[in-house]
Amino acid sequence: MTGSIEGLERFDSPGKGRGLRVTRAFKVGELLFSSPAYCYVLSAKERGCYCEFCFNRKEGLARCGKCKKAFYCNAKCQKGDWAMHKLECSAMLAFGENWCPSEMSRLVARILAKKKTQKERCVSEKLLLIGDVQSHVEDEDNERREMNEADLAGLHRFYSKHLEVPEHKDLLTLFSQVACNGFTIEDDELSHMGTAIYPDVALINHSCLPSVIVTYKGTSAEIRAVQDMKPGDEVLISYIDILYPTDDRNSRLRENYYFSCECQECKSKSKDKAKMKVRKRRDPIEPDVISNMVRYARKAIREFRTSKHIKTPSELLEMCEQSLEEMGTIFDDANVYMLHMMYQAMGVCLYMEDPEGAIKYGEKIIKPYSRLYPPYSLNVSSMYLKLGRLYMGLEKHSAGVSALKKAMAVMEVAHGKDHSYVAELRKEIAQK
Ligand SMILES: [Zn+2]
Ligand SMILES: [Zn+2]
Ligand SMILES: [Zn+2]
């Protein structure tokens, strides 16, 4: 660990390398530890909604007088952020509309700047810890390598004035380490706010049956138990969305983190059947018809992902509806591939400000979600939250309050009872 945390210790987890375990009991909802970010960056698209320095969400933030693009609570936050913001402030002015580094390049620039300016021992230890993770540059596929090269080019183009950019090979290694160890900071509805590095949290190994959940308070990460833990239990988070069947989860883990999971659920595959639920027919559906449809579903999901930034919202909605219709001939509505496309369709409806459309999909998603995810899941709470807020917006108060209360039950455990999100939610429920 970067420092010692009461009740926790580093250990060698069999088959996984270093890991983290508890040395005392923790109850569901209890905070294991809170971890400040070593380095973080607010998403460019969230500028103006959050303070760049402390990630406070509020109205009336003050903008940087020079670039007019960064927003802060007050002069104190602005001053605190300057060491990082100065990497971008004048460059944004110089490049104007053409300033477009990826979030990854932005985070790496900050890590490099921090490495250079801060010479204290604790910082080098933290970086050592990041470097501790195996680098997998060699076995990377072409697609990822090309992405890395684009990020790298962005770093040279937008940051070379303020940074000594290291050698190509070292930089590639750093990018792949950050890709493996970066955490996405998300809000209460799981919308992406930024990316950060938490060396202590990066120690935690993966399981599809996680014992803890990570939430964010400002720029810090908080780790809370979602299962009762006894001394000696390993602390386990999920690196991926655990909605999907075992094969899909493991290809995801191999692609992004270079390992396969051997947790109890990956061995027993106990939920796979429910996750791949097919329609009830008088004559059972042939296995090869099902596997063909699974192939179709995976392709549709991939195609949607790559079209997301190219197609118009109505084209995207049509893609969702078409694939739902096709899959619906074989798959039940509670099948995870159906749920995936419904979730995407709901997102498009929200973007298009079509609350009725969004509710239509959300109502189909929420029940299977609650069954397929573990009891305390941010995917479930955020879905209840979105639905609840949509109902409230349409003056459907009793449905709204009921959904918001269900979100609250999860969030009190995952975020803690005193989190500002929970306080906001309490207000929303009381208001009606
Ligand atoms: Zn602030
Ligand atoms: Zn500025
Ligand atoms: Zn697993």
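The values are calculated or read from the model by the stated rules, or taken from the named source; none is laboratory data. Only a predicted model underlies this, so the values are computations on that prediction, with no experimental measurement involved. Cβ placement follows ideal geometry from the backbone for every residue including glycine, while neighbour counts extend to all protein chains displayed.
Quick one: which of 28, 22 is in the same structural domain as residue 204 (by TED's automatic domain parsing) and farther than 27 Å from residue 187 by Cβ? Please lay out each step first, then the result.
Working: 28 fails: farther than 27 Å from residue 187 by Cβ.
After applying the criteria, what remains is 22.
Yes or no: the stretch 53-69 includes at least one residue that is touching a residue at least 60 places away in the same chain (Cβ under 8 Å), among the small types (Gly, Ala, Ser), part of a loop (DSSP other than H, G, I, E, B) and away from ligand 3 (no atom under 16 Å from the Cβ). No, every residue in the stretch 53-69 fails to be touching a residue at least 60 places away in the same chain (Cβ under 8 Å), among the small types (Gly, Ala, Ser), part of a loop (DSSP other than H, G, I, E, B) and away from ligand 3 (no atom under 16 Å from the Cβ).
When the stretch 227-253 is examined, which residues are found to be assigned to a loop (DSSP other than H, G, I, E, B) and more than 24 Å from residue 12 (Cβ to Cβ)?
228, 241, 242, 243, 244, 245
Could you check the stretch 393-426 and list, in sequence order, the residues that are farther than 26 Å from residue 354 by Cβ and surrounded by fewer than 13 Cβ atoms within 10 Å (Cβ to Cβ)? Those that are farther than 26 Å from residue 354 by Cβ and surrounded by fewer than 13 Cβ atoms within 10 Å (Cβ to Cβ): 417, 418, 423. Against the numbered list (1) touching a residue at least 24 places away in the same chain (Cβ under 8 Å); (2) surrounded by 17 or more Cβ atoms within 10 Å (Cβ to Cβ), residue 279 comes up short only at (2). Checked against the criteria, residue 26 does not count as surrounded by 15 or more Cβ atoms within 10 Å (Cβ to Cβ), more than 16 Å from ligand 3 (Cβ to nearest atom) and at positive phi. For the stretch 57-88, the candidate set comprises residues that are away from ligand 1 (no atom under 16 Å from the Cβ) and closer than 22 Å to residue 166 by Cα; within that set, the residue that is farthest from the chain's Cα centre (by Cα) is 86. Restricting attention to the stretch 74-97, the residues that are closer than 18 Å to residue 109 by Cα and among the polar types (S, T, N, Q) add up to 1. Filtering 353, 318 for residues that are out of contact with any helix residue (DSSP H, G or I) (no Cβ under 9 Å at 6 or more places or on another chain) and under 26 Å from residue 400 (Cα atoms) leaves a single hit, 353. If you take the residues of the stretch 245-271 that are surrounded by fewer than 16 Cβ atoms within 10 Å (Cβ to Cβ) and within 17 Å of residue 335 (Cβ to Cβ), which of them is nearest to ligand 3 (Cβ to nearest atom)? The qualifying residue nearest to ligand 3 (Cβ to nearest atom) is 269. Within the stretch 329-347, if we keep just the residues that are of a type in the set (Phe, Trp, Tyr) and either at pLDDT below 95 or outside any strand (DSSP E or B) (or both), the residue that is nearest to residue 290 (Cα to Cα) turns out to be 337.
Here is a list: 37, 62. Which entry is surrounded by fewer than 18 Cβ atoms within 10 Å (Cβ to Cβ) and at pLDDT 95 or above?
From the options 37, 62, the qualifying one is 62.
Limited to the stretch 382-418, what total is found for residues that are more than 28 Å from residue 35 (Cβ to Cβ), part of a helix (DSSP H, G or I) and aliphatic (A, V, I, L, M)? Within the stretch 382-418, residues that are more than 28 Å from residue 35 (Cβ to Cβ), part of a helix (DSSP H, G or I) and aliphatic (A, V, I, L, M) number 7. The set of residues in the stretch 47-60 that are within 16 Å of ligand 2 (Cβ to nearest atom) and more than 14 Å from residue 218 (Cβ to Cβ) comprises 47, 48.
When the residues of the stretch 198-226 are narrowed to those that are assigned to a loop (DSSP other than H, G, I, E, B) and among the small types (Gly, Ala, Ser), which ends up nearest to ligand 3 (Cβ to nearest atom)?
Checking each candidate, the answer is 207.
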